[in-house]
1. Of the residues that sit in region 391-407 and are under 20 Å from residue 253 (Cα atoms) and in contact with a helix residue (DSSP H, G or I) (Cβ under 7 Å, 6 or more places away or on another chain), which one is surrounded by the most Cβ atoms within 10 Å (Cβ to Cβ)?
2. As an exercise: evaluate residue 274 against (1) without any contact (Cβ under 8 Å) to a residue 60 or more places away in the chain; (2) more than 30 Å from residue 63 (Cα to Cα); (3) part of a helix (DSSP H, G or I); (4) touching a helix residue (DSSP H, G or I) at 6+ places or on another chain (Cβ under 9 Å) and give the number of the one condition it does not meet.
3. Would a scan of region 157-171 turn up a residue that is touching a residue at least 12 places away in the same chain (Cβ under 8 Å) and closer than 20 Å to residue 398 by Cα?
4. Would you mention how many residues in region 247-262 are surrounded by fewer than 24 Cβ atoms within 10 Å (Cβ to Cβ) and more than 15 Å from the chain's Cα centre (by Cα)?
5. Based on this model, can you work out whether residue 410 counts as touching a helix residue (DSSP H, G or I) at 6+ places or on another chain (Cβ under 6 Å), within 23 Å of residue 157 (Cβ to Cβ) and not in a loop (DSSP other than H, G, I, E, B)?
6. Of all residues in region 364-390 being surrounded by fewer than 21 Cβ atoms within 10 Å (Cβ to Cβ) and in a loop (DSSP other than H, G, I, E, B), which is nearest to the chain's Cα centre (by Cα)?
7. Among the numbered conditions (1) in a helix (DSSP H, G or I); (2) out of contact with any strand residue (DSSP E or B) (no Cβ under 9 Å at 6 or more places or on another chain), tell me where residue 327 comes up short.
């Protein structure tokens, strides 16, 4: 049965949890393979839409020009962080700009390099996957979203250096910490209460996970992010902030992607078979196409540092705020080819500069540095998961909408083995 799309959202309008239908949404004009279309709602028709003082960007060429231009991060609470920052506090790399950002990205690039991943982390990925597959077999199934989170946390923790704990339960503490509404720059009474609750979760994460890991690396440095931050003089609170951001970027987003990819592959037996029998390059192409179709981070925000002209001739003033709609950008047929809502691993991009995931990992200076890691661990995990005999979904997965990233998040996705 085909479900009708939900009522379109205007730019900037919030979407509450819908609990909506899970069936594919299909337009009259073409096949639509997206599983999250009804949840996302509004689909624009114009390249640029002005609303509430922001410019909403829906075309690939415009988004690329902005993200690679003279702009600054303005999403993920950047304004609040900017107000709170002083010369005595090192900003997280997510919020750094200019030379500081370049130097930090260069210094930490080795942790995300393909060679490092293959030599240092692949064995961990395979070991953790084997452990989780045994857990699924023993339990005859489970919560795929939670199992994927376990996988993502294990790998990201190894890279970050979050491997020492006062008590077990770091995946649950990170998930609870990140389950918060966006920061309110106006700091209203309600926002202050939310901040208080967040601080309690933050304290638990610090005491149980971050501080023990810091103390261990002060005594014996390792080849990981926390050891590097200690070597350049970062203090505990600054390392805590980086750990939270790393948790959001490297753990939660990977959980969502592994889950949505599994659902696509389980729902299309020929594609599942192709994934299981294909080469590494074929599996990677399938995963990139799924990410293009279902980006986990669906919205990026930037602020213009200077006045400049966009490729379409639109003049932008310094201080202009942009909202890059990644879902729309990734469905721009001029950039990704015909039938952009069709899952096609053999898709040929009209512009050779466009990668298989389009802007699924962002673009420009703040492009996700962990793209290779995310694809590598997803490929290893899914290859073993999909090979389990009798694997199936149980019921309809439940999702909700994250206003912070403009994307989907899984509340529950159950699997079983017959």
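The values are calculated or read from the model by the stated rules, or taken from the named source; none is laboratory data. These figures come from a predicted structure and were not determined experimentally. Note that each Cβ is placed from the backbone with ideal geometry, even for glycine, and that neighbours are counted across all protein chains shown.
1. It comes out as 399.
2. Here residue 274 clears every test but (1).
3. yes
4. Residues in region 247-262 being surrounded by fewer than 24 Cβ atoms within 10 Å (Cβ to Cβ) and more than 15 Å from the chain's Cα centre (by Cα): 0 in total.
5. Details: touching a helix residue (DSSP H, G or I) at 6+ places or on another chain (Cβ under 6 Å): yes; within 23 Å of residue 157 (Cβ to Cβ): yes; not in a loop (DSSP other than H, G, I, E, B): yes.
Against the criterion (touching a helix residue (DSSP H, G or I) at 6+ places or on another chain (Cβ under 6 Å), within 23 Å of residue 157 (Cβ to Cβ) and not in a loop (DSSP other than H, G, I, E, B)), residue 410 qualifies.
6. If we take residues in region 364-390 being surrounded by fewer than 21 Cβ atoms within 10 Å (Cβ to Cβ) and in a loop (DSSP other than H, G, I, E, B), then 368 is nearest to the chain's Cα centre (by Cα).
7. The number of the failed condition is (2).
Conditions tested, residue by residue: (1) modelled with pLDDT of 60 or more; (2) in a loop (DSSP other than H, G, I, E, B); (3) at positive phi; (4) surrounded by fewer than 21 Cβ atoms within 10 Å (Cβ to Cβ).
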residue	(1), (2), (3), (4)
7	no, yes, no, yes
11	no, yes, no, yes
15	no, yes, no, yes
30	yes, yes, no, yes
62	yes, no, no, no
